[in-house]
Amino acid sequence: MADLYKDIKNLDPKMAECPADSDGIAWHVPFAAPMQLSGFAWFDKDHRYERLPVDRPAEVTQFPNGVKTIVPASKCGAYALSVDTAGGQVRFRTDSGTFQLKGSLLTTGGMDHMAFTGSAGFDIYLKFGGVWKCLGVTRTDHSKLEFTANIVSGVKREMRDVIINMPLYNGVTSFFIGLNDDAKVEPPTPYVDDKPIVWYGTSIQQGGCACRPGMVSSNIISRMLNREVINLAFSGNGKGEPEMAQLLAEIKNPSLYIVDNTWNVDPNALKATLSTFVDILRKAHPTVPILLCAPTPGKEYFPEMHPESLNSRAATMQEEAQKRRKAGDLNIFFFDALHESMGEDFWEGYVDGAHLTDLGFYRVAQAIAPLLKVILG
C-alpha cells in the first residue's frame, strides 16, 4: 500500500486548473449584444446579477408554525440569497475554439456537502448536432474572489450555440467571456418564445447540491425545452410569503409559475400561506398556468422515519389544485414529485437525505418535463 501512494506528493492537487491567457483573446461583456443574459428578471432596472429587485419592502409577512408574524425585510433570508446567481445564463453563437472566463465572486465561502464547481463555478454547454454537451467547468482558487479560467479550448471552429451557466450558491460582481480574437459572435438561437418559466422553491431548486450549475433541474429544463427559466428558489427560505408572491407577479409575460416550496414550511404554515400565494399570482395573471409541486422524497419518506410530514405537504398542494380546478380554474396543475420524480430507489438521488445529487436533479427534470410540455402546449 505504501508503494501505491509513494508519489502522491508529486500529484497536482488542483489537477486540471488552467488560468485564462489573454494572448489572442478578445473579452466580451455577458449582458451586451449580441450575447443574451437570462435568469435575472430585474437586471434591466438594477443592472446587477441579482435574482430579486434592489428595492425591497420594509417588512415581510411570515407564518412560522402557521402563525402570522411580521418581520423586517432584513430578516427575510430570500433577499440575502437573491445575490446567488442560480439560473443565470449567458447564451450566444460563436465559432470560437477557446472559451475563457475572468471576473470576481462575492464570497470565498463554500459548503461541506457541495462541490465548489457547483456552488461557485461556471460551466459551459456547446450544441453539437442538436445535442447540448457540457465541455467544462471553471476550476479556480476558491480562497480568492478574483478568478481567471480557461474553461475549454481546442474546440473545432464552426458556428454553434453556447450556454454558460452561472454559480448556484455564490454571487458574481463582474465577469467577462474570452473568445478567440478573430471569432464571430452572434445572437443565440431564439427561445421558443419570450415568456419565461418562473420556478419558486427552496435550497433544492436553488441547486443544492449539484456538482456544477448546468445540472440543477431548472437549467436542465431550460435546455430541454429551449425556454428561459427564472430560478427564484432560496435555500431555507421558500416560506411562501405574500411579499414574495407579489414579486413573482411583477415578472412580465410569464409562461408558467412553478410553486415548489414545501420543504421549507411545516404543514401548518403551508396551509396558512398557499392559498394567498396562489391568489396573488392569479390576480396578476388570470390565465397563466400555475403548477403546484409536492416535495421530492427524502429520508423522512422512509417508513422507518416520519413520512406523514411529507405526505401532509403533498396532500395540501394537491387539494389546493383540485379545489381550484373544481371552481373552474383549469390552469392550475399538480405534480406529485413525492411519488413520481426520483424513482423507487430515490435515496440514490440525494446527498444528505434531502438535497439532490446530479442524478436526483436529472430524474426530477426527466419526470416533470412531459407535464411541462403538455401545460405549455
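No lab work stands behind these numbers, since they all come straight from the coordinates. None of the values given here were measured: they were computed from a predicted structure. Ideal geometry is used to build each Cβ from the backbone, glycine not excepted, and the neighbour counts take in all protein chains shown.
Here the chain is treated as a Stokes sphere of Kirkwood radius computed over C-alpha pairs; at 25 °C and 0.890 mPa s its diffusion coefficient rounds to 114 µm²/s. About its Cα centre, the chain has a charge dipole of approximately 740 debye under the convention of +1 per Lys or Arg Cβ and -1 per Asp or Glu Cβ, with nothing else charged. Structure note, pairs Lys195/Lys283; Lys184/Lys373; Lys252/Lys283; Lys75/Lys323: Cα-Cα distances above 22 angstrom occur for Lys184/Lys373; Lys75/Lys323. Taking label positions 7 Å along the Cα-Cβ direction at both Asp182 and Asp329, the computed distance is 5.9 nm, reported to one decimal. How big is D, in µm² s⁻¹, for the range 100-143 by Stokes-Einstein at 37 °C and 0.692 mPa s if Rh is the Kirkwood radius over C-alpha pairs? Using the Kirkwood radius from Cα pairs, D works out to 272 µm²/s. Of the residues Ala245, His306, Pro295, the one whose Cα sits farthest toward the positive end of the charge dipole of the range 234-334, with +1 on the Cβ of Lys and Arg and -1 on the Cβ of Asp and Glu, is Ala245.
Once the Cα atoms are used to define both axes, helix 307-326 deviates from the longest principal axis of the chain by about 70 degrees.
What translational D, rounded to a whole number of µm²/s, comes out for the range 197-376 from Stokes-Einstein when the hydrodynamic radius is the Kirkwood one over Cα pairs, at 4 °C and 1.567 mPa s? Roughly 80 µm²/s, to the nearest whole number. Helix 267-284 and the longest principal axis of the Cα set of the chain meet at an angle near 80°.
Structure note, pairs Lys102/Lys127; Lys133/Lys239; Lys102/Lys133: Cα-Cα distances above 28 angstrom occur for Lys133/Lys239. Only the Cβ atoms of Lys and Arg (+1) and of Asp and Glu (-1) were treated as charged; on that basis the dipole of the range 197-376 about its Cα centre amounts to roughly 720 debye. Taking the charge dipole of the range 197-376 about its Cα centre, with +1 at Lys and Arg Cβ atoms and -1 at Asp and Glu Cβ atoms, the residue from Pro286, Ala321, Thr276 reaching farthest to the positive side is Pro286. The length gained by stretching the chain between Lys299 and Glu340 to full extension, at 0.36 nm per residue less their Cα-Cα distance, is 13.2 nm. The loop-placed GluC sites (Glu not before Pro) in the range 291-377, going by DSSP, that have at most 11 neighbouring Cβ atoms within 10 Å of their Cβ come out as Glu304, Glu344. Around the Cα centre of the range 225-274, unit charges on the Cβ atoms of Lys, Arg, Asp and Glu (plus for the first two, minus for the last two) sum to a dipole of about 100 debye.
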